[in-house]
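Trainee: Following this message is one structure expressed as structure tokens.
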């Protein structure tokens, strides 16, 4: 039976991925997670049939020890620092978690002859793009903030290990995820919680930045398909085909929650804030017959309901 290592399994997308594949696949799951402020350790540890290890992947000795005691056949690498604002204030944790940790995993993957290394990355590594253009798997990597630079660097190491050592890898770039178990520092859960608390909802600049949003249940199904059927030494872009300006997204949530627009508070824009990200997802549609099932309205309804029920648990 395959034994899959899921890094960052207590994080938002990693946790949803584990819950998803346990319902479908027969495989042993090993989780490695640092259990940072943004993780959900209690929820992860409540899941049976998995082995969980708390460790820092930037600690080479800890990573080597994990692989010495586990026969890992596949790796799905979610673990990362992801909050752009924090990377602007201090990029060093992002270098450790997103670059050094990835290189440590890559070295072990080569040494142990892992069957597949699936690296989860971001749309932000491509920089920004004007309307009506869209990024694709062959777009130029051009990060514009410290977070995306750290993720782009990690991608380069993955590709270099594939070319130099023959590591069988696949890279997945995803647009903005949202849904259950997302940390409330992120835009959608932050907005929902602020509305529930009748507090101001901050909007950077004039809120004109455009993002594509994918409900996490769609994202993890795409990741599962790519894990099983995605081609080696290739990249797949996944997205929800739900582009919207940040201000319009917030207004949409306010309307769904019967809240007034006077809760909106415009604040100073983030330095170097990218204007728009957008993906073509034609490759994953064509090769793996995947497409998002949830539109933005349905996904937001489910997310609002989930946050209402779990407000005091996250």
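Throughout, read-outs are computed from the coordinates displayed, never taken from laboratory work. Note that the coordinates shown come from a computational prediction; the quantities given were computed from them, not determined experimentally. So basically every Cβ, Gly included, is an ideal-geometry build from the backbone, and we count neighbours across all protein chains shown.
Trainee: Among (1) touching a helix residue (DSSP H, G or I) at 6+ places or on another chain (Cβ under 6 Å); (2) crowded, with 19+ Cβ neighbours inside 10 Å, which single condition is residue 246 missing?
Mentor: (1)
Trainee: Quick one: count up the residues across segment 229-240 that are out of contact with any helix residue (DSSP H, G or I) (no Cβ under 7 Å at 6 or more places or on another chain) and surrounded by fewer than 18 Cβ atoms within 10 Å (Cβ to Cβ).
Mentor: Final tally of qualifying residues: 3.
Trainee: Right, something else. Is one or more of the residues making up segment 63-70 touching a helix residue (DSSP H, G or I) at 6+ places or on another chain (Cβ under 7 Å) and farther than 13 Å from residue 32 by Cα?
Mentor: Checked segment 63-70: no residue is touching a helix residue (DSSP H, G or I) at 6+ places or on another chain (Cβ under 7 Å) and farther than 13 Å from residue 32 by Cα.
Trainee: I want to confirm something. Restricting to segment 250-304 and keeping residues that are in contact with a helix residue (DSSP H, G or I) (Cβ under 8 Å, 6 or more places away or on another chain) and assigned to a strand (DSSP E or B), which single residue is surrounded by the most Cβ atoms within 10 Å (Cβ to Cβ)?
Mentor: This residue is 279.
Trainee: Shifting gears a bit: Do any strands (runs of 3 or more DSSP E) lying entirely in segment 156-249 carry at least 3 residues that are under 16 Å from the mean Cα position of the chain (by Cα), and which ones are they?
Mentor: 169-174, 176-178, 210-215, 234-238
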